[in-house]
Amino acid sequence: MTGFAEQSRLQTLDQYELSEMPRDPALDDISRLAAQICNTPVAAITFVEKDRISLRSRYGIDINEVPRHTLPCEIALAGDGVYQVPDAQHDYAPGGISVGDRCYRFYAGAPIVMPSGAAIGCLCVFDNVPRALSPAQIESLESLSRTVVTRLELTARARQMDHASRARRGVERALTVERNFVSAVLDTVGALVVVFDTAGRIVRFNRACETLSGYTSADIVGKYAWERLVPTEDIAEHIATFHRMRSGSFPTSYEHFWLGACGSRRRIAWTATALQDARGQMGFIIATGIDITVQVRAEEQLRALVRQSNSVLESVGDGIYGLDLESRITVINPAAAQMLGYRPEEMLGRNMHELVHHTRADGTPYLPADCPIQRSLVRRETIRVSNEVFWRKDGSSFPVEYVARPQIEADIEFGDAALLRRGLASTAQLARGLPLALSVASAAAPDAPRDTEGHTVGVVVAFADISERNALDRMKDEFISTVSHELRTPLTSLRAALGLVAGGALTERPERISQMLNIAIGNADRLVQLVNDILELESIGSDKAELHSAMSSVGDLFRRAAALMQAFASKFNVEFVIEAECVNVWADPERVLQTLTNLISNAIKFSAPTGADGSQIHLTARYSAAGEALIEVRDQGCGIPEDKLEIIFDRFKQVDASDSRAMGGTGLGLAICRSIVAQHGGTIWATSKLGEGSTFHFTLPTHPSNNLR
Ligand code: ADP
């Protein structure tokens, strides 16, 4: 047998898996048929394998295999037709053909030739006696050997089909496992997952979707999203979004509303992506979403709160600023920046202590370590301070009162439900492109016990410029002491005069009684005058006295004032010179008259009588600047020292304290004049030369629109 034939036979045996084939009853039938046709006691189908000759089917013997080269089958394989050994003792081996423990004299074998041309074994018959097959028997044996080939072919094909169907079942099982896995994942995740086909129909609606919408997967799958889930007013936009995605342009993130089965409206943030099919074309669109309804509401509330806080910060008069742990300014309101002489943006990020709190009121350096604001940060307590100064950009300072309150931010532990909520919110925020830095800082309540929870993130300082309050306090103290002094003096005289009369000590001297009563009347008048002046001043100062401005002729007002003061002037031998024929002012005539009579009364009082010729008081008026008239009252009296020219306009201020006694003044006349002129928007001042006289000047507007203020 050639090496090629051997190799080809072994390959064919392998290909048909004949070495391991189980016993086939059909082949046994063929063996039996061969024995019957050939009239032999034994028949077998042999396969000549590498190390043995196996008897896969047999009739009349019960043996599975024999060693190679023990049967004539290997000779039969090489031939074309049936090979016969008529008498084995002569033609094959002296002992005949031994198969197991039996020896046979006759052998005939028809090769089994597979379609590939390889002869793999024989259908053979054995007999105990020498003999030969008839031609019909030979033909039948050949025919039966072809039937064996057909059977082997069929068996192999059936086996292949069995393998293929088993493989298909395996794939199906694997696919089922995969599908179940994907379903389990989709149903376990908290996110909403919807899968659309390219027509827009929903093919997958996971459990989170069911829970949120109140619809079951069966209600929704196969339908378009806009059939049930999208509110009517949003359908057009929803379809447009879908079409954009289908054409390949992915708004990977978008938001819209879902309408639940029970009518609830939820806002969802979606992220969509395309799934390609086996041909690389868009097969499905998968959209994952997060319900952000609560978060959006919270954000809207937060925005409203921020707007509200901003408008509060912008509208309050107090300065408010926030510092981080390094004392850098993180936020500052317009009032604070304005008080300090900066623009807010100039201050942000700068060290507040170095900028405005570097020096104490007495000029000594203020070390950051000593600063109460720093202390507030370190000790986490609210601090109030009222005796310090802040420094402006221009180098000037002003007294301040401030409250520093630390900002404590709550600690969040890992695993906290709040953290989880924030995490989810953050994911949704990311999807929506919103800023994540939403501060949860909370300020400790004022005067609250020290909070040991959370960590300090900064400090908020609210301050007020208290210069005006300090000045008012000073004025109030001064006013009270002056008023009490001014009231007490006439009251004491009044009490003394009345005491003398009532005591009866003067009954013998009636002229002294009337003198005492005159003193009492004079002091009572002075008290009335004082109280009237105080009330007058208070009413002008508080803007209670409304101005009734009208176009008024200053000349007329001069003449009215002169007429009113004429008797008083005559007493002092003083005469008036009026020089203001054509000047008109836009003013309240009664108030201007009051100012003029005050000034004229002073001019008369302080004009020393000058013999027979007397003294003159000049009343002049002229237009001094556009829209402004200058009015002057000039006397030829004693004059006012230069250093007193300004302070005589303050309340109860006189050049000489004895003036009030000698001249009967209260020290409030000029303060009233200044208030009236200021109310009109004008200014008043005095010039003087000692021994020669004084001039009081004041300006008034000439037109309503020219209010000088
Ligand atoms: P009084 O009621 O004391 O006059 P005023 O406020 O009107 O109060 O004046 C304050 C002080 O100013 C006077 O007491 C006086 O010392 C000084 N004074 C005011 N007018 C004149 C003037 N024309 N000549 C000199 N001194 C004047």
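The values are calculated or read from the model by the stated rules, or taken from the named source; none is laboratory data. Please read these numbers as outputs of a predicted model, since none were measured by experiment. Here Cβ is always computed from backbone atoms with ideal geometry, including for glycine, and neighbour counts include all displayed protein chains.
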Query raised in the report: For residues in the stretch 690-700 being assigned to a strand (DSSP E or B) and within 11 Å of the ligand (Cβ to nearest atom), which is farthest from Thr620 (Cα to Cα)?
Result: Gly693
Query raised in the report: Which condition breaks for Leu71 when tested against (1) in a loop (DSSP other than H, G, I, E, B); (2) touching a Ser or Thr at 6+ places or on another chain (Cβ under 7 Å); (3) under 19 Å from Thr155 (Cα atoms)?
Result: (3)
Query raised in the report: Does Arg474 satisfy being among the charged types (D, E, K, R), part of a helix (DSSP H, G or I) and either within 30 Å of Trp391 (Cα to Cα) or touching a residue at least 60 places away in the same chain (Cβ under 8 Å) (or both)?
Result: yes
Query raised in the report: Any residue at all in the stretch 593-611 that is more than 14 Å from the ligand (Cβ to nearest atom), surrounded by fewer than 20 Cβ atoms within 10 Å (Cβ to Cβ) and closer than 20 Å to Ala671 by Cβ?
Result: yes
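When you check Ala110 against the structure, is it in contact with a helix residue (DSSP H, G or I) (Cβ under 7 Å, 6 or more places away or on another chain), modelled with pLDDT under 95 and closer than 25 Å to Tyr92 by Cβ, yes or no?
Working: in contact with a helix residue (DSSP H, G or I) (Cβ under 7 Å, 6 or more places away or on another chain): yes; modelled with pLDDT under 95: no; closer than 25 Å to Tyr92 by Cβ: yes.
So Ala110 does not fit the description; no.
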Query raised in the report: How about the stretch 224-326: which helices (runs of 4 or more DSSP H) wholly inside it have at least 1 residues that are within 24 Å of Val203 (Cα to Cα), of a type in the set (Asp, Glu) and without any contact (Cβ under 8 Å) to a residue 60 or more places away in the chain?
Result: 225-228, 235-246
Query raised in the report: basic (Lys, Arg), farther than 24 Å from Val296 by Cβ, touching a helix residue (DSSP H, G or I) at 6+ places or on another chain (Cβ under 9 Å) and surrounded by 12 or more Cβ atoms within 10 Å (Cβ to Cβ): does that describe Arg228?
Result: no
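So, in the stretch 634-643, exactly how many residues are under 14 Å from Ile578 (Cα atoms) and near the ligand (Cβ under 8 Å from one of its atoms)? Please lay out each step first, then the result.
Going through the stretch 634-643, the residues under 14 Å from Ile578 (Cα atoms) turn out to be 634-635.
Adding the requirement that they be near the ligand (Cβ under 8 Å from one of its atoms) leaves 635.
Count: 1.
Name the single residue that is nearest to the ligand (Cβ to nearest atom) among those in the stretch 650-685 being hydroxyl-bearing (Ser, Thr, Tyr) and at pLDDT 80 or above.
Residues of the stretch 650-685 that are hydroxyl-bearing (Ser, Thr, Tyr), as a first pass: 658, 660, 666, 675, 683.
Add one more test, that the residue is at pLDDT 80 or above, and what stays is 675, 683.
Working: Ser675: 11, Thr683: 17 Å.
Once the filter is applied, the top-ranked residue is Ser675.
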Report task. For the stretch 615-632, indicate whether the set of residues that are modelled with pLDDT of 90 or more, within 8 Å of the ligand (Cβ to nearest atom) and either over 24 Å from Leu530 (Cβ atoms) or buried (at least 17 other Cβ atoms within 10 Å of the Cβ) (or both) is non-empty. Result -> no
Query raised in the report: Given Thr40, Thr2, which one is of a type in the set (Val, Ile, Thr) and either modelled with pLDDT under 90 or loosely packed, with under 15 Cβ neighbours inside 10 Å (or both)?
Result: Thr2
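Consider Ala550 carefully, then state whether it is under 22 Å from Leu630 (Cα atoms) and without any contact (Cβ under 8 Å) to a residue 40 or more places away in the chain. Break it down into steps so the answer makes sense when it comes.
Details: under 22 Å from Leu630 (Cα atoms): yes; without any contact (Cβ under 8 Å) to a residue 40 or more places away in the chain: yes.
In short, yes.
State yes or no: is Ile329 surrounded by 16 or more Cβ atoms within 10 Å (Cβ to Cβ) and within 24 Å of the chain's Cα centre (by Cα)?
On the way: surrounded by 16 or more Cβ atoms within 10 Å (Cβ to Cβ): yes; within 24 Å of the chain's Cα centre (by Cα): yes.
Spelling it out, Ile329 is indeed surrounded by 16 or more Cβ atoms within 10 Å (Cβ to Cβ) and within 24 Å of the chain's Cα centre (by Cα).
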Report task. Check the stretch 123-132 and report whether any residue there is β-branched (Val, Ile, Thr) and in a strand (DSSP E or B). Result -> yes
Report task. Quick one: in the stretch 532-553, of everything that is out of contact with any helix residue (DSSP H, G or I) (no Cβ under 8 Å at 6 or more places or on another chain) and either of a type in the set (S, T, N, Q) or part of a helix (DSSP H, G or I) (or both), which residue is surrounded by the fewest Cβ atoms within 10 Å (Cβ to Cβ)? Result -> Ser542
